[in-house]
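Notes for the one structure printed next.
Throughout, read-outs are computed from the coordinates displayed, never taken from laboratory work. On a predicted model such as this, the values are computed, not experimentally measured, just so you know. Methodologically, a virtual Cβ is constructed for each residue, glycine included, from the backbone with ideal geometry; neighbour enumeration extends over all protein chains shown.
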Amino acid sequence: MTAETVPHRAAPGAPPTGPEQSTAEPQRHPGPSLSPSRAADFKTCPLLFRFRTIDRLPEQPSRDQARGTLVHAVLERLFDLPAPDRTPAAAAALVAPQWDRLVAEEPELAALFAADDDGIVPVSIAEHPLAADPTALADPASTSGAHRGPPPSTTRPSPPASSAGTDPATLLPADPGASPTAAKTVGNPNTAVQGAHAETFPGMPEPVAADRLAAFLASTADLLDGYFAVEDPQRLEPAERESLVSTLVDDELLIRGYIDRLDVSPAGDLRVVDYKTGGAPREAFEGRALFQLKFYALVLWRTRGVVPRVLRLLYLKDAEVCDYSPDAEELARFERTLVALSHAIERAKQDRDFRPKPSRLCGWCHHQRVCPEFGGTPPPYPSPRDEELSPQAEVSMPAPRLP
């Protein structure tokens, strides 16, 4: 279940107030709004921001994106189980039913297996390791304070006798991780899904469709191995999962996003956890990922009056952990960065001036056919009435997950 933090008005740098919680669907905000992904889009390429947020041009998901969405869903559901049952085998058993659920919600995902190679670029070029760090606008954030590497411990503790004694997200020291050997006990999802997913696609032989899907589902095993190598879910009781958080800053800008997981220690310390299914980027490019977590940290500080103790990135593919500890002064600067970015976006809307920003990332963009840099012509700019009726940049459901 998702929980939204009700927006409140707070001036930049002012002491935050206490939280108010609501599980109601978020109401449409009449003023500007911003999410981590849309902020990164504008910094990467203003025209990309327009195509996604204003024109809302369709983008076909890739298999990598679908795999990221699936692994996030499995890890979210894993914590529905009693602590002693959160095992590698249990996670593997969740893969097929979670894929069925995702396809039921988005039937177009089935089309990803209609060819040998999906031939589709990643959905967000801003997620590519070469993407510019959005914090460069007004907050030259440094990642020098981030600690990254393998989990502090390589010996997995014995599972508790019952869930009654589990540690409710102790923040320090970091959670002991499982050994790589123990992690390899993950079952092969391929054996569980071959019979259940023998459906065919138009014009495709049944064995081909089944084999492609089975191989795709089996490819989650290494990512789940990576998760159990860096964290022991039997020792955790997350406070929130896939939680929508939002707040109002500068009296008008609504910032919001979905947190993969929020841990709260008995002392009230907060740890924001984000799962990454792609490879760990070089440290020079880690600011992009930390930008996203600082976004969430700012919302939590403004709504709960607590600066998160730890912002944690779990890189499942490489079994790496990156921890970062922000402070209030840094988050206040970051808030000013977001306000300045929002003002730049509003000026671009007013002037209808969203210029392309060519870079090496253009090769990953879906919209080359309508981009002037590739000889294309953007669609007519929507009328003010069309903009009013179009959905906000971030709707009330989590965005598809990216590697």
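For the range 302-312, in order, what is each residue's ³J(HN,Hα) by Karplus, 6.51 cos²θ - 1.76 cosθ + 1.60 with θ = phi - 60°, in whole Hz (x at glycine and Pro)?
5, 9, 10, x, 10, 7, x, 5, 9, 10, 10
Quick check: pseudo-label points 7 Å beyond the Cα along Cα→Cβ at Asp85 and Ala328, how many nm apart are they?
Each label point is offset 7 Å from its Cα along the Cβ direction, giving 4.3 nm.
Take the cross-link list Lys43/Lys276; Lys276/Lys357; Lys276/Lys349 and give me the ones stretching past 28 Å between alpha-carbons.
Lys276/Lys349
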